[in-house]
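**Student:** Got a structure here, written out as structure tokens. Questions coming.
The values are calculated or read from the model by the stated rules, or taken from the named source; none is laboratory data. What you see is a predicted model, and the numbers here were worked out from it, not measured in a lab. Reconstructed Cβ throughout: ideal geometry from the backbone, glycine too, with neighbour counts over all protein chains shown. Calculation scope for accessible area: heavy atoms of the full protein, side chains included, ligands and nucleic acids excluded. Shrake-Rupley method; radii C 1.70, N 1.55, O 1.52, S 1.80 Å.
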Amino acid sequence: MGIYLTKKKLSNGRISLYLDYRIENQRHKECLGIILEKEETKEQRLTNKLKLNQAKLIRLQREMNYLHTQYLNQLSTFLALPTPEFPLNYRNFFDIAQEYLNNYRQKDSRTVQAVFYHLQLFCKGKHLHPDDITTDFCNKFFDYLYDHLHGNTPANYFKKFKMCLNYCVEKQIIPENPTNNMHITQYNDITKNILSNEEINRLALTPCKNQELKRAFLFACYSGLRWCDIKQLRYKDVDFTTRKITIIQKKVARHSQNAVLHLNLNESALQLLQLSSGNSNDTIFQLPSHSYCLRVLNKWTKQANIKKHISFHCGRHTFITHIMEKGANIKTAASLAGHSTTRHTEKYIHIIDEQKQKAVDSLPPLPTQFT
């Protein structure tokens, strides 16, 4: 069996990498989820080189795994010995990570894949022995994530990394998890990710490449709904007469007693909904993939001369902050945001305090002649 690394051209000069191989005369094509961006800068060329090296390593690892497994199976049959669960070449942590990812059954598998991608970048594509993953190594890896990612993403990625290390302990690959005594702080990145009313108006007046994305993101700013709920929002979920939405929040549907959200809408939110029409079961917003929307959103905010790192979720942060700024108490804000308790809403209080301080600081000073 031969395993080959192949490429598929995408739009805007981007390239997707695949593995192409045959098993028992059947051809298989596996997307690695690794995208080479159009090389316009030195940084992009370096990143593409690291991505290509990662893909080559995966190809080699797959080929070695296959050959090693075939050899072990034949040897085990001959000697009547059981096949080891992890062959010798699994001493490379990235082999273990790939096995962990292959068996991962949660919906956030792409996030786990992204964690290992950043770990590859951190290690610069070099072999990583499990014994080399010490507490010091883990601290340095988290520092790397914090330097290269935004908001709570570094902490969330590191949690996935810790889960993989727990898997290694369970499989007796390492004696203990080196992150057990590490306390990672959830960095509150809400403040800089909130849009002011003036910035929202600027976005509304700035052309966007995708009109549906523009409408959906502005609706998020006026409703606080998450991306997943806006994407599946249907006309039957909206009562235009009473100006209310009733939905089951997708993110918390399985583990919250308050998964059903009753959301009041203002005139601006209703206007954004009524810009299109359809049957009761039709979705209101016809949105492309989340990753594509983020790229369009990034270009759109730059065109509006907004120098903040804005993701789709910032619309939700903006909504919650603004209603609290306008006087909504914490229980009302928690109810409108669909939070099960006020604990999640409390993190917005300090933002309001900061904005109050800025408001009083904006008052004109006393004349310099005053004594």
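**Student:** Would you give the gap between the C-alpha center of region 327-347 and the C-alpha center of region 218-270, rounded to a whole Å?
**Tutor:** Here the two parts' Cα centres lie 15 Å apart.
**Student:** Mind putting a number on the dipole of region 154-286 about its Cα centre? Charges go on the C-beta only, +1 for Lys and Arg and -1 for Asp and Glu, and I need it in Debye to the nearest 20.
**Tutor:** Details: 18 positive and 11 negative charges, 50 e Å.
It works out to roughly 240 debye.
**Student:** Ok, one more. Within 12 Å, Cβ to Cβ, of residue 284, how many net charges do the neighbouring residues add up to if Lys/Arg are +1 and Asp/Glu are -1? Walk me through the intermediate numbers first.
**Tutor:** Details: positive: 215, 231, 234, 236; negative: 212, 229, 237, 282.
Result for the neighbourhood of residue 284: 0.
**Student:** Next question. Please arrange 260, 169 by accessible surface area, largest first, computed with a 1.4 Å probe and ligands excluded.
**Tutor:** On the way: 260 80, 169 45 Å².
So the residues, ranked largest to smallest area, are 260, 169.
**Student:** Given 0.36 nm per residue, what is the gain on full extension from residue 303 to residue 253 after removing their alpha carbon distance, in nm? Don't skip to the end; give the middle numbers.
**Tutor:** Values: separation 50, 0.36 × 50 = 18.00 nm, distance 3.66 nm.
That works out to 14.3 nm of additional length.
**Student:** So how much accessible area does residue 241 have, in Å² to the nearest 10, using a 1.4 Å probe?
**Tutor:** Approximately 130 Å² for this residue.
**Student:** While we're looking at this one, here's another question. Within a Cβ distance under 11 Å of residue 33, other residues only, what is the Lys/Arg minus Asp/Glu net charge?
**Tutor:** Values: positive: 51, 110; negative: 30.
Counting the neighbours of residue 33, the net charge comes to +1.
**Student:** Using the basic label-point model (7 angstrom from Cα toward the beta carbon), what is the residue 349 to residue 39 distance in nanometres?
**Tutor:** Output for this residue pair reads 5.4 nm.
**Student:** Can you work out the Karplus-derived ³J(HN,Hα) for every residue in region 286-303? Use 6.51 cos²θ - 1.76 cosθ + 1.60 with θ = phi - 60°, whole Hz, and x for glycine or proline.
**Tutor:** 9, 9, x, 5, 5, 5, 5, 4, 5, 5, 5, 4, 4, 5, 5, 5, 5, 5
**Student:** Give the calculated FRET efficiency between residue 108 and residue 361 to the nearest 0.05, with a Förster radius of 35 Å applied to their Cβ-Cβ distance.
**Tutor:** Numbers: r = 42 Å, r/R0 = 1.19.
E(calc), rounded to 0.05, equals 0.25.
**Student:** How big is the C-alpha Rg of region 241-350 next to the rule-of-thumb value 2.2 N^0.38 Å, as a ratio?
**Tutor:** Details: Rg = 15.8 Å, N = 110, 2.2 N^0.38 = 13.1 Å.
Its radius of gyration relative to the 2.2 N^0.38 Å reference: 1.20.
**Student:** When we measure straight from the Cα of residue 51, which aspartates and glutamates land under 12 angstrom away, once same-chain ones fewer than 8 places off are left out?
**Tutor:** Qualifying aspartates and glutamates at Cα under 12 Å: 37.
**Student:** Moving on to the next point. What pairs in 299/331; 107/171; 209/326; 29/251 have C-alpha atoms more than 27 Å from each other? Mind dumping the intermediate values first?
**Tutor:** Values: 299/331 36 Å; 107/171 23 Å; 209/326 32 Å; 29/251 32 Å.
Table pairs above 27 Å Cα-Cα are 299/331; 209/326; 29/251.
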